[in-house]
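Structure first, then comments.
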Amino acid sequence: MSDVVDSERAPTTNAGKGGGRKRGPATSPTARYRRELRLIHGWREMLTYGVVIACIIAVPYLFSMPLIPPAGLPWAATFTAINVALIAALAAFSFNLLLGYVHQISMAHGAFLALGGIIAAQLGTLGGWSIVYILPLSAVVGAIVGVIVGVPALRLRGLYLLVATLGVHFFAVLLFKKYQLAKFGFGGVNYPVASLPDWLPGPLGGAQIYTDKQWYWFLIVVVGGTILFGKNVVRTRYGRAFLAVRDQDVVAAITGVDPARVKILAFALSSAMATMCGVLGAYYYSNRAAESFTLEAVLFFAIMVVVGGFASVQGSVIGAFFVTLVPLYLDWFTRRFFADSEVISNNSSAINALLFGALIVLVLRFQPKGLAGIWLALRRRTLERGLERND
Amino acid sequence: MKKRTSRLAVLTATLVLAATGCATEDSATVDGVKSNPSEGVTDDTIKFGWMGAITGLSASTLEPKHAGTEAFFEYANQNGGVAGRDLELISYDDAGVVDKGLTNYSRLVKDDRVLAIVGQSGSQITEPLIPKVEQDKIPVIGPGATTASQLVTPYYWNNIPTYQDQADVSIAYAGEQLGGVDKIKGVTVSLAVPSGVEWREFVDQKLTVAGGTFVKGYDMSTTATDAVPTALDLQKLVKDDKVNYIFIHGNSQSALTLFSSMSQYNVDLPVVGIYGVGSAATFTDGPPEITDDLAFVHGFTPPSVDEPGMKTVKDFVAGTKWEKYIKEDSVHFINGWVDGMTTLEATKRAVESGDLSREGLQKALATITDLDTGGLSGTIDYSRYGHNGGAVARPYTFADGKFVAEGSYEDWEGALKYEY
Amino acid sequence: MTQFIQLLVAGLALGSLYAVVAFGFVTVFKATSVLNFAHGTMFMLGAYLTASMIAERDIPLVVTVLVVVLISAAIGAVIHLGIMRGMVGQALFTVVLATIGIEIVLKALIQIFFGAEERGRVDMLPRSSSQVGGVVIAHADLVLIGCSVLMVIGLVVLFQRTTLGFKMRAVADNLEAAKVVGINPQVVFMASWILAAVLAGIGGLLFSSYGSVVSLDLAGIGLRVFPAALIGGLASFPGAIVGGVIVGVAEQFAGGYLGGEWRDVAPYAVMFVVLLVRPQGIFGKKEAQRV
């Protein structure tokens, strides 16, 4: 059995892993499989979920408190960064779907972000639709376009796919530029303030989303929901099909999994999410121009996924937060303790890039499971120190 | 179990400590002016923010601009500051990336709580920030370029002439060179970005209205390594006597690319361009037959031009780390210096009117209609449409290793149409 | 018609540069199956070194060439020894991602070391041109094509006539068989990385006089190499050369007939067409997949 990195699985379901714990009575294959499929594996996971939920709720209150941060720590800026990270997490996860589960590197994410931007412009700025309607529609359009892109992708593997998607990126940027100049103008496309539809109950009806706090809740719901959805797809037999195709697609075909269909499904899902991310980004930044869709941004998603750990959902989220928040705090750190160094202050963004590049190489060389892998190992070790047997 | 509890305890303790570690704010009165820490006025300093691309894209214009403002603040502090306080510039680099720009903005406005932002750059960053600036009601002085939306929002105080202004002066200059605007047969070469398209449309429109001929516009990819197709096409047009002037939009890099391709194919046309091409390198590194007929247009004066105010700058930076900008003859450094000047003037007026706050600064800026910067720029007049204080420009050429100003700023005021 | 010929010549010149760079890229791929994202940055390093040595410090050409070759070789060796060697056995895409990381690191180092401002061009190539029947041919283009041809000849000699070249070909064709015969693959891998790095560096050196500016955008040239290699057929040396030339010509034609903004997408458009018709590239061989 190939090792599937899925941290939702408690250690005991992998025979031999975890330090010499006695196995309970449920060791027959059927029982183990059923246990695997459970949503929550025991009280340890419930605790983790609980802590995560508590953090999620605490964040907006914590960060919008009007206190003066000690030691000049960036406080309100962190809140903005968290929102940026949430949007990035969705993009990272969609990149991860392709990379971690189907082992295909696609550089076309920028293209789908641009597609999302065009959809948001057409329906939102020009059409007046609420963002709540635009999002699912953009997912559908993104999926369709993803399938269209995915079909020729079947003929290509590895580098061919990578370069082909690179080409798609450049075309998409050109397309956005033509669209922008045709319908808008030189300053880029301006998006209206995001607002919820009127029929929602109470204060939610017709509410506008523009402060960091409001965006935070909106993003938690949208991004969290989408990622959970995607994660559950992975847990189903499609997910297992992904993994089979990833490892040995000829063998997979023999066993009845249709690699073509699986690859296309992965593309569709990934593109749908990336397009949604494009819509979110358009509204959050309230302005997008052809220059906004740089190749560097796409490479950054790759960084997030690799550093966070691919083939795990947590990996993309952790990676997104890491890559967004670390530069902010690194900057604070260098300002505080290295304020006199000219070299550092003049080259802050290059130093950032240097660190992240080095991090990628180090992670890939030594710990390919990334931060999520480190977190998993830590958690296993600390939780196992407790004497309890599992369930 | 024990380990987890103790870890939790440590975490809680840290949070509590952090909360109590928060500094208390002073709000005393110094020099007759009450402190206002939530808007950047503490007992010792008045805080201003700077954000833009110190590295990365556009760094070649923005990094010297930042240095200029930094240098001016130091100069102002050495001369007594304002209301007994020093001026402090808190700068963040966003390398032209929107995400960083947004985060840095939050930091300046909410964490560092600056009084105003001096310099904010890149339309991909200003555009998203305009709604937030309007919400936070914070003045932004001397942004990096002047776009249409910046002319409409009341919180932006623009010091750099718009592309329309630059087009006006460029066309007038070309007309002067050829003996009449109606004699111009012009082409544009622009970077393949939206502002490049803007440039082409302005030149097209204005040239036609003035009686000249607009022949065609060329695009240059931002990653282009040569401009061979453009040069070849120009060669054809020159042979048929269909073109006699090039109006260029771009930066030093793209200009040099164009010139070297032109030179390779023996295309020698006079060129006038936006301030983006206005660095000494364009003139010194380019093929001489083309740079002999090259000019750029700007609302600021490069250091090698003698103006009354230039001596102050040169004397001040001598022996400091900012000296290299004078050596490099960077007009963008002067741009930053002037941004500092307008900021200082507005701050002083706000103090005089007794309201040193963001709102007070906003009102003070509106009163600046006649600021003389000693020849470092034209007269700054924010009463012009769209707070376009710096909407004055003049052409510069280059000779004997120095820039040459073609006349004074007043000489060219007649060319400016102010039709936005 | 004159425009056509002139664009063609310019395209050949640019294309020959791409060909040399693509060649290095394919070298690494054939030997180690690694797709090197950092190739463009090594190219850029060559250009920056040349610019800073010749343009700013007037160091003679021969010394500059030597320095570029040595530094590029050193970087190639470091990449192999430090990183690639330890990643044997990992999935291919992991290795590609690692090269992305290397690209980011190299680019950042170049920016820190050389500064973010661009540099003017280096004046090594002649600026003159001659007229042949109404067509203006720039001498610089001819020199460029000439240099590239010389390098290709040199490479052919290396691969066909030297022991090392023989070993490299053996490893590229069949790794297991080569090992059986006693060839040490590690040596070959290292040689491949060094060769690729040096080719990229020399490409950068040539480019710094052809293009007008040396700036951080040059890493984008590395991106052009990908479609070139694919068009030619990823694991094919003659393919790399042909692909490079095709890309150069396509760029100039697109720029001339469609407009400057189409230059970026032109290579990819050509690539799409070629891959639709012949997914393995012009010279590529269809790979049987081993189960």
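Derivation of every value follows stated rules applied to the coordinates shown; laboratory data play no part. Being a predicted model, the structure only gives us computed values, none of them experimental. Counting neighbours? That spans all protein chains shown, and the Cβs are built from the backbone with ideal geometry, glycine included.
Worth a mention:
- Full-extension gain in nm, B:D292 to B:K216, via 0.36 nm per residue minus C-alpha separation: 25.0 nm
- Paramagnetic reach from B:T312 in segment B:366-389 [backbone N under 20 Å; point 7 Å along Cα→Cβ]: B:366-382, B:389
- Gaussian network model of chain C, Cα within-10 Å springs - most flexible of C:T32, C:T99, C:T163: C:T163
- Packing-based ranking, highest mean first, of B:248-260, B:154-166, C:138-150 given that Cβ atoms within 10 Å are counted: B:248-260, B:154-166, C:138-150
- Between B:N79 and B:T29, full extension at 0.36 nm per residue minus the direct alpha carbon distance yields a gain of 15.9 nm.
- B:D43-B:V152 FRET efficiency (beta carbon distance; Förster radius 41 Å; 0.05 resolution): 0.65
- Förster radius 45 Å - calculated FRET efficiency between A:C55 and C:K179 (Cβ-Cβ, nearest 0.05): 0.25
- Calculated FRET value between B:D268 and B:K348, using beta carbons and R₀ = 41 Å, to 0.05: 0.20
- Qualifying lysines (Cα of each under 27 Å from Cα of C:K167; at least 8 residues distant if same chain): C:K30, C:K179, C:K285, C:K286
- Fully extended contour minus Cα-Cα distance, from C:L258 to C:R278, at 0.36 nm per residue: 4.6 nm
- Net +/- balance of residues flanking C:V171 in space, Cβ distance below 12 Å, scoring K and R +1, D and E -1: +2
- Segment C:3-27 and segment B:290-321 have Cα centres separated by 42 Å.
- Relative contact order of chain B, pairs being alpha-carbon contacts under 8 Å that are 6 or more residues apart, as %: 17 percent
- Straight-line cross-link partners of B:K183 among the lysines, defined as a Cα under 24 Å from its Cα and at least 8 positions apart when in the same chain: B:K206, B:K216, B:K236, B:K239, B:K242, B:K417.
- CD proxy at 222 nm, helix term only [per DSSP H run n ≥ 4: -39500 (n - 2.57); per residue of the protein assembly as shown; nearest 500]: -19000 deg cm²/dmol
- Global geometry of the protein assembly as shown, whether rounded, prolate or oblate, following the gyration tensor of its Cα atoms and the 1.5 cut on a/c: oblate
- The C-alpha atoms of chain B define a longest principal axis, and helix B:308-317 lies at about 50 degrees to it.
- Pairs from B:K47/B:K314; A:K177/B:K132; A:K178/B:K363; A:K263/C:K107; A:K369/B:K100 whose Cα-Cα separation, in the structure shown, is over 30 Å: A:K178/B:K363; A:K263/C:K107
- Each of A:A339 and C:M1 was given a label point 7 Å from its Cα along the Cα-to-Cβ line. The distance between the two points is 7.3 nm.
- Contact order for segment C:2-277, expressed relative to its length and based on alpha carbon pairs under 8 Å spaced 6+ residues apart, stands at 41 percent.
- Charge dipole magnitude, Cβ of K and R +1, D and E -1 - segment C:2-277, Cα centre, debye nearest 20: 640 debye
- Coil-residue trypsin sites (Lys or Arg not before Pro) of segment B:119-221, DSSP, other Cβ within 10 Å capped at 16: B:K137
- GNM remark for chain B: springs join alpha carbons under 10 Å apart, and the peak mean-square fluctuation among B:G273, B:G142, B:G309 falls on B:G309.
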